[in-house]
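Engineer: Sharing a structure, written as structure tokens. Questions coming.
Rule-based calculations on the coordinates, nothing more; no lab input. A quick note: this is a predicted structure, and the numbers were derived from the prediction, not measured. Methodologically, a virtual Cβ is constructed for each residue, glycine included, from the backbone with ideal geometry; neighbour enumeration extends over all protein chains shown.
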Amino acid sequence: MNILMQGMRPKTLVAAIIPPLTASGLYFSQSIHYDYTILSLCLLLALCIQIATNFYNDAIDYKKGADKDRVGPKRVSNELNVKKIFRWGHLFIMAAFFVGVPLMLKGGWPIALLGLVSMFLAYGYTGGPFPLAYLGLGELFVFLFFGLVATMGSFYLMAESLNHQVFLLACANGLLSCALIAINNLRDKEKDKVVDKNTLAVKMTPGVYHKLLDLFTFGPYFIILYFFVFINLKFVVVLLAVKFAHQTRFIIHHHEKPSELNRALESAGKHLFAFGLLFWLVCLWI
């Protein structure tokens, strides 16, 4: 059981939790309604897809040699047969499908299409003929799924409409989630070069990639500034999360060893959680 929990990578699951949670808060602030059923299903769907992605990523990277002597969290591919890891990935995709059926029925073909594509990309992130993570498209995938799809999809299922506010929120969630994968890729850059995993960290110079990381980390606060000025002054509370943004940036810019970058990854996870939780609480407050 402990091995399976490691494969789920619990510390990364905040990226699946925050988009539906913040979307539900924004919906409440605009309608004074809270749809617990839709929120629960959206959370379960996002979690199942991310856990499946984690298992597939573990198994495929192991087969390609990308996880040899890795510095990050221990991989279950060192403990379990790769076929078993794939089976766990399949199991969570099946769970995602069954959880997603009522959401597809409620949201119609747009939600059905987004859901099915997201389930397919759980494998396609590192597998298939065009593995996104190996082509430098990992950050784009994360921004689209953990930002636009998970946030706007959850909001649409509750409100049955979309607006510019949820789009901005989705961009903020996407940027913060991109920080997680970007730090992960920065940490694994040297080993990724060996196995032709051409992430943006491999393709870009360190200076440019650090600037991109700064955008992922601090960009969401320009969005919060908009919410503060044009929607409600109480959104200033979300700025309390900037402590973790500065902490993450300091570690990245002053430590280069892969083992030290694990601290930045942990800090980025706390940053996403704090940002999302504060945004949700403000939405319930206003």
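Engineer: What is the local net charge at T248, summed over the other residues whose Cβ is closer than 14 Å to its Cβ (Lys, Arg +1; Asp, Glu -1)?
Structural biologist: Working: positive: R187, K243, R249, R263, K270; negative: D214, E260, E266.
Neighbourhood net charge equals +2.
Engineer: Quick one: Cα centre-to-centre distance for the stretch 81-129 and the stretch 260-286, in angstrom?
Structural biologist: 26 Å
Engineer: Scan (i) 32, 23, 18; (ii) 35, 26, 16; (iii) 30, 24, 15 for the value of semi-axes √(5λ) of the Cα gyration tensor in Å calculated from this model and give just the label.
Structural biologist: (iii)
Engineer: At a Förster distance of 41 Å, what's the computed FRET efficiency of V195 paired with Y226, Cβ-Cβ distance as r, to 0.05?
Structural biologist: According to the calculation, E is roughly 0.50.
Engineer: Please compute the contact order of the stretch 183-280 in relative form: average sequence separation of alpha-carbon pairs under 8 Å and at least six residues apart, divided by the residue count, as a percent.
Structural biologist: 29 percent
Engineer: Residues in the stretch 256-286 near a label at K243, defined as backbone nitrogen under 16 Å from the 7 Å Cα→Cβ point?
Structural biologist: Once the point is set 7 Å along Cα→Cβ of K243, 267-279 turn out to lie under 16 Å by backbone N, inside the stretch 256-286.
Engineer: With each run of n ≥ 4 DSSP H residues scored as -39500 (n - 2.57), what mean residue ellipticity at 222 nm is computed for the chain after dividing by its residue count and rounding to the nearest 500 deg cm²/dmol?
Structural biologist: When only DSSP H runs of four or more count, the value is -24000 deg cm²/dmol.
Engineer: Over the chain, with a Gaussian network built from C-alpha contacts below 10 Å, which listed residue (L26, L116, L261) shows the highest mean-square fluctuation?
Structural biologist: With Cα springs under 10 Å in the chain, the top fluctuation among L26, L116, L261 is at L116.
Engineer: Could you tell me the calculated FRET efficiency between R87 and V236, based on Cβ-Cβ distance and R0 = 45 angstrom, to the nearest 0.05? Walk me through the numbers before you get to the answer.
Structural biologist: On the way: r = 48 Å, r/R0 = 1.07.
Plugging the Cβ-Cβ distance into 1/(1 + (r/R0)^6) gives 0.40.
Engineer: Between exposed GluC sites (Glu not before Pro) in the chain, where DSSP calls loop and at most 12 other Cβ atoms lie within 10 Å, what's the longest gap? Write out the running numbers ahead of the final one.
Structural biologist: Values: sites that count: E160, E256.
Longest site-free region, per DSSP loop and neighbour criteria: 1-159.
Engineer: Going through the cross-link list K83/K257; K106/K270; K189/K270; K106/K243; K197/K243; K106/K234, which pairs have a Cα-Cα distance over 30 Å in this structure?
Structural biologist: On the way: K83/K257 33 Å; K106/K270 33 Å; K189/K270 23 Å; K106/K243 39 Å; K197/K243 33 Å; K106/K234 33 Å.
In this structure, K83/K257; K106/K270; K106/K243; K197/K243; K106/K234 exceed 30 Å between Cα atoms.
Engineer: Sticking with this structure for a sec: Find the relative contact order for the chain and round it to a whole percent, using C-alpha pairs within less than 8 Å whose residues are 6+ positions apart.
Structural biologist: RCO, the chain: 24 percent.
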